[in-house]
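K.L.:
First the structure, which I've put down as structure tokens, then a few questions once you've had a look.
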Amino acid sequence: MLPTKVQKPEIYLTQLHVSSSEYDWRYFEELREVLAFDLRHNGSSLVAENREDLDGVFHWPDVRREFDLSVWKKERIPYVLAIQIFQNRFQLIAFNIEKGSSKKYIDFPITGKIEEDRLFIHRLADIVQKDLFGIEGVAALKIIYSKRCKVDDEWMSEIWVCDSDGMNAHRVLTEKGYCMSPGFFSSEISKGDEFYYVSFQQGQSKIYRSSLLASKGEVMILLRGSQVLPAMNKQGTQMAFITDAAGRPDLFIQNLTREGNVQGKPRQLYSAPQSTQASPTFSPNGKQIAFVSDKDGPPRIYLLDVIGPKETKKPVPRLLTKKNRENTSPSWSPDGSKLAYSAKVDKIRQIWVYDFATQTEIPVTTGPGNKENPSWAPDSLHLVYNTENEDICELYRVCWDEGDPILISQGADQKRFPCWSRIHQSDRL
């Protein structure tokens, strides 16, 4: 664990007030815990412990009536969130103690369907975070990943999706086979439900596309040989991937239309004799790619300029990571300031971050167990990654500057290659 760099302000979240006419208090309390989790792990705030004396100062259901600022100033708590279920609707009022102001958020009806109600709570948490701290939240985002298990002595890997806290996990595609390395399409060309992935449906690995609303996928890039480890740029105009179509695993790039369809033929962007390239990731402006190569010995991360098809001078990759001997699975932060990757330290793979401003390599995780495949959330603050062992691989999320990972996956089998969505799945609040 790393020490928190900045002391975050506290939020006091009241116990959930439920009127006597409401009956399903266990379900309501579950919704409160969803909100508490989102606020506790949003990277912007801490959640204060509940106290009976502080919960007792509110006048329900009209909590604005006789609200006493002095109580909270004395406790040095800058923000208070009062929540209740009233007439089967979830209601929240936020008090800014320093400004002496309050805001009542639009309430929503409780449907009783946990997957729907949880999504409303996630979106509410993001809106509150934006109002209080000016930062877009990640609670209402989805995480897509592959889930690997053995069926009748054969390995099967399918595409799954879950909420940002790991709940509501469910399989996306019905095709039985081996799928891996999913990623959401750029928000520039998609409404948020389209994704790409690698499938061995045709024997060799090919790149497919599908959506969260579909049951099957279709081939997106079809070359001879194998294609793996796809990555799309933020603009949605290009996809980088690794293929052995030319004889060895090399870095290729494919132009895309505004609809995300293949445009023209893919071209080789980089190759080196007797070496393997892997795991490309685009810079936010799409002008550079970070990728893995063992061209100089152990696998390390290099930077490469993305050139046009008419340029004759081939770009020369620049070594980026130097501190650890083996570095893999890079992921470029959306704000362009950092690169997350997996580094072998004392024979264990840990998550590290390269800071472009300071040109330093910073450890994020420590402890036993290999950690791989980090993926940035759109806020460039949160990471999701998977642990790796022979039996069970789990998903963790972490604020990179806090170093306190949270287990978010559940159940058996191997959860791997996680990736954040880029836009919220619901804007109903």
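K.L.:
For segment 356-375, which residues satisfy the criterion of being part of a strand (DSSP E or B) and surrounded by 15 or more Cβ atoms within 10 Å (Cβ to Cβ)?
P.N.:
361, 362, 363, 370, 371, 372, 373, 374, 375
K.L.:
Of the conditions (1) in contact with a strand residue (DSSP E or B) (Cβ under 8 Å, 6 or more places away or on another chain); (2) aliphatic (A, V, I, L, M); (3) surrounded by fewer than 22 Cβ atoms within 10 Å (Cβ to Cβ), residue 383 clears all except one; give me its number.
P.N.:
(3)
K.L.:
Would you point out which residue out of 391, 355, 401 is more than 30 Å from residue 117 (Cβ to Cβ) and modelled with pLDDT of 95 or more?
P.N.:
Just a single option satisfies the conditions, and that option is 355.
K.L.:
Another question, if that's okay. Within segment 6-45, which residues are aliphatic (A, V, I, L, M) and either exposed (fewer than 14 other Cβ atoms within 10 Å of the Cβ) or in a loop (DSSP other than H, G, I, E, B) (or both)?
P.N.:
6, 16
K.L.:
State which residue pairs qualify: first residue assigned by TED's automatic domain parsing to the domain that holds residue 332 and free of Cβ contacts under 8 Å to residues at least 40 places away in the same chain and inside segment 228-247, second residue assigned to a loop (DSSP other than H, G, I, E, B) and surrounded by fewer than 19 Cβ atoms within 10 Å (Cβ to Cβ) in any location, beta carbons under 6 Å apart, and separation of 6 or more residues or different chains.
P.N.:
Qualifying pairs under 6 Å: 243/223; 243/225; 244/225; 244/226; 245/223; 245/224; 245/225.
K.L.:
Would you point out which residue out of 158, 175, 154, 188 is without any contact (Cβ under 8 Å) to a residue 24 or more places away in the chain and farther than 21 Å from residue 385 by Cα?
P.N.:
None of the others qualify; the one that does is 154.
K.L.:
Go through segment 270-355 and tell me which strands (runs of 3 or more DSSP E), entirely inside it, have 1 or more residues that are within 23 Å of the chain's Cα centre (by Cα) and among the acidic types (Asp, Glu).
P.N.:
Those strands (runs of 3 or more DSSP E) span 348-355.
K.L.:
Shifting gears a bit: Just a yes or no: is a residue in segment 55-75 buried (at least 18 other Cβ atoms within 10 Å of the Cβ), in a helix (DSSP H, G or I) and free of Cβ contacts under 8 Å to residues at least 40 places away in the same chain?
P.N.:
no
K.L.:
Here are some residues: 317, 363. Which one is touching a residue at least 60 places away in the same chain (Cβ under 8 Å) and either in contact with an Asp or Glu (Cβ under 8 Å, 6 or more places away or on another chain) or in the same structural domain as residue 270 (by TED's automatic domain parsing) (or both)?
P.N.:
Sole residue among the options that is touching a residue at least 60 places away in the same chain (Cβ under 8 Å) and either in contact with an Asp or Glu (Cβ under 8 Å, 6 or more places away or on another chain) or in the same structural domain as residue 270 (by TED's automatic domain parsing) (or both): 363.
K.L.:
In segment 251-260, which residues are in a strand (DSSP E or B) and either surrounded by fewer than 20 Cβ atoms within 10 Å (Cβ to Cβ) or outside the structural domain of residue 287 (by TED's automatic domain parsing) (or both)?
P.N.:
Listed by number, the list holds a single entry, 255.
K.L.:
Just to be sure before I move on: is residue 378 out of contact with any Asp or Glu (no Cβ under 6 Å at 6 or more places or on another chain) and part of a loop (DSSP other than H, G, I, E, B) in the structure I sent?
P.N.:
yes
K.L.:
Another question, then. Would segment 126-138 turn up any residue that is of a type in the set (A, V, I, L, M, F, W, C), touching a Ser or Thr at 6+ places or on another chain (Cβ under 8 Å), modelled with pLDDT of 90 or more and surrounded by 23 or more Cβ atoms within 10 Å (Cβ to Cβ)?
P.N.:
Yes, segment 126-138 contains at least one residue that is of a type in the set (A, V, I, L, M, F, W, C), touching a Ser or Thr at 6+ places or on another chain (Cβ under 8 Å), modelled with pLDDT of 90 or more and surrounded by 23 or more Cβ atoms within 10 Å (Cβ to Cβ).
The values are calculated or read from the model by the stated rules, or taken from the named source; none is laboratory data. On a predicted model such as this, the values are computed, not experimentally measured, just so you know. In this analysis, Cβ positions are derived from the backbone assuming ideal geometry, glycine residues included, and neighbour counts consider all displayed protein chains.
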